[in-house]
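Okay, structure first, notes after.
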Amino acid sequence: MLIRHRPHGIVVAIDGPSGAGKSTVARLLAERLGYIQIDTGAMYRAAAFLLADGGIELSDLAGVEEFCRDLEIRFELFEGQKLVFANNRNVTDLIRTPEMSLLTSRTSALKPVRSALLKAQQRMGDQGGVVLEGRDIGTVVFPDAEVKFFLTASVEERARRRFEELVAKGETVTLEETVSDVAERDRQDSERAIAPLRQADDAVPIDSSFSGIDDVVQAMYAHCQLKLSAREQ
Ligand code: DC
């Protein structure tokens with residue numbers, strides 16, 4: 001296999017179902033490594049938001065494809081907060097509602113959306129020095145990533161965490177609704193035809209149901225250090 005030279009470091013892929021803790025873990029791991037974190041779920045959310053906002057039906061594949069041609073998503077750091085811009089519009093908070101989660105799960109199954117974001121993610125990570133989190137990073141976006149993790153937790157535990165996040169943000173939801181939303185997204189993300197959620201054969205599985213965030217990040221960091229020292233020899 002061709003070994004790519006990545007001048008800024010290795011590519012770390014973190015995949016797994018929604019609510020497993022990928023975002024927090026990816027952010028902390030990226031900080032410890034001095035790498036850039038790329039939240040690919042936020043990119044799918046931003047695309048879904050703009051499509052809905054533009055009144056483009058998901059069944060109108062030609063319309064979706066045309067929209068994706070000019071889609072530009074970028075991250076910006078502002079006063080320590082990571083902001084998401086889609087076509088120059090700040091969508092950071094708009095993309096985090098339960099409705100957007102379900103809509104994004106459906107939107108992200110569409111081929112034109114996946115093709116556009118696949119290319120954008122590969123461009124962002126190509127030079128290395130990145131931690132990418134998503135569903136298909138280790139299988140499709142960077143199958144040659146030097147380090148791959150598959151982070152899971154039980155449906156109940158993931159729903160409980162999501163529920164607490166939503167309540168803290170002032171959303172009115174019930175735990176039962178959140179369990180059912182999480183289960184529905186799992187189903188949509190795993191059963192879609194293109195780039196479904198799947199553990200790469202060479203990914204390290206980590207179950208976060210009973211572990212604290214710090215322990216998970218420490219285990220991941222140690223694994224990355226091993227890869228990095230092997231790379232230097
Ligand atoms: O990680 P998240 O919950 O913000 O992701 C939102 C949706 O985007 C999720 O339902 C699946 C989809 N997604 C995807 O299909 N591929 C990725 N690499 C990242 C997210």
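The values are calculated or read from the model by the stated rules, or taken from the named source; none is laboratory data. Given the structure is predicted, the values throughout are model-derived calculations rather than measurements. Cβ atoms come from the backbone with ideal geometry, glycine included; neighbour counts cover every protein chain shown.
Quick look at the values:
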quantity: Subset of region 55-73 (residues that are out of contact with any strand residue (DSSP E or B) (no Cβ under 8 Å at 6 or more places or on another chain), of a type in the set (A, V, I, L, M, F, W, C) and in a loop (DSSP other than H, G, I, E, B)); calculated: I56, L58
quantity: Evaluation of C224 against (1) under 17 Å from the mean Cα position of the chain (by Cα); (2) under 30 Å from G9 (Cβ atoms); (3) buried (at least 19 other Cβ atoms within 10 Å of the Cβ) (one fails), failing number; calculated: (1)
quantity: A30 being touching a residue at least 12 places away in the same chain (Cβ under 8 Å) and within 12 Å of the ligand (Cβ to nearest atom); calculated: no
quantity: Sole residue being in contact with a Phe, Trp or Tyr (Cβ under 8 Å, 6 or more places away or on another chain) and within 14 Å of the ligand (Cβ to nearest atom), chosen from A153, A200, A193, A145; calculated: A200
quantity: Selection count, region 41-94, where residues are basic (K, R) and farther than 20 Å from R106 by Cα; calculated: 3
quantity: Qualifying residue in region 77-96 (condition: surrounded by fewer than 14 Cβ atoms within 10 Å (Cβ to Cβ), modelled with pLDDT under 95 and either aliphatic (A, V, I, L, M) or touching a Ser or Thr at 6+ places or on another chain (Cβ under 6 Å) (or both)); calculated: yes
quantity: Within region 74-110, tally of residues that are away from the ligand (no atom under 12 Å from the Cβ) and either over 15 Å from the mean Cα position of the chain (by Cα) or assigned to a strand (DSSP E or B) (or both); calculated: 20
quantity: From A47, A13, A20, A52, residue being within 12 Å of the ligand (Cβ to nearest atom) and either free of Cβ contacts under 8 Å to residues at least 40 places away in the same chain or assigned to a helix (DSSP H, G or I) (or both); calculated: A47
quantity: Pairs with Cβ under 8 Å, 6+ apart, first in region 113-134 and away from the ligand (no atom under 12 Å from the Cβ), second hydroxyl-bearing (S, T, Y); calculated: G129/Y35; V130/Y35; V131/Y35
quantity: Selection count where residues are more than 12 Å from S18 (Cα to Cα), assigned to a loop (DSSP other than H, G, I, E, B) and either hydrophobic (A, V, I, L, M, F, W, C) or touching a residue at least 60 places away in the same chain (Cβ under 8 Å) (or both), scope region 135-166; calculated: 5
quantity: Region 141-163: number of residues that are closer than 17 Å to L102 by Cα and under 16 Å from the mean Cα position of the chain (by Cα); calculated: 2
quantity: Residue list for region 186-198, filter: within 15 Å of T152 (Cβ to Cβ) and buried (at least 17 other Cβ atoms within 10 Å of the Cβ); calculated: D186, D189, L197
quantity: Number of positions in region 111-134 that are surrounded by 15 or more Cβ atoms within 10 Å (Cβ to Cβ) and part of a helix (DSSP H, G or I); calculated: 10
quantity: Qualifying residue in region 59-79 (condition: of a type in the set (G, A, S) and touching a helix residue (DSSP H, G or I) at 6+ places or on another chain (Cβ under 8 Å)); calculated: no
quantity: Members of region 62-106 that are in contact (Cβ under 8 Å) with a residue 40 or more places away in the chain and under 21 Å from T178 (Cα atoms); calculated: L94, I95, R96, T97, P98, M100, S101, L102, L103, T104, S105, R106
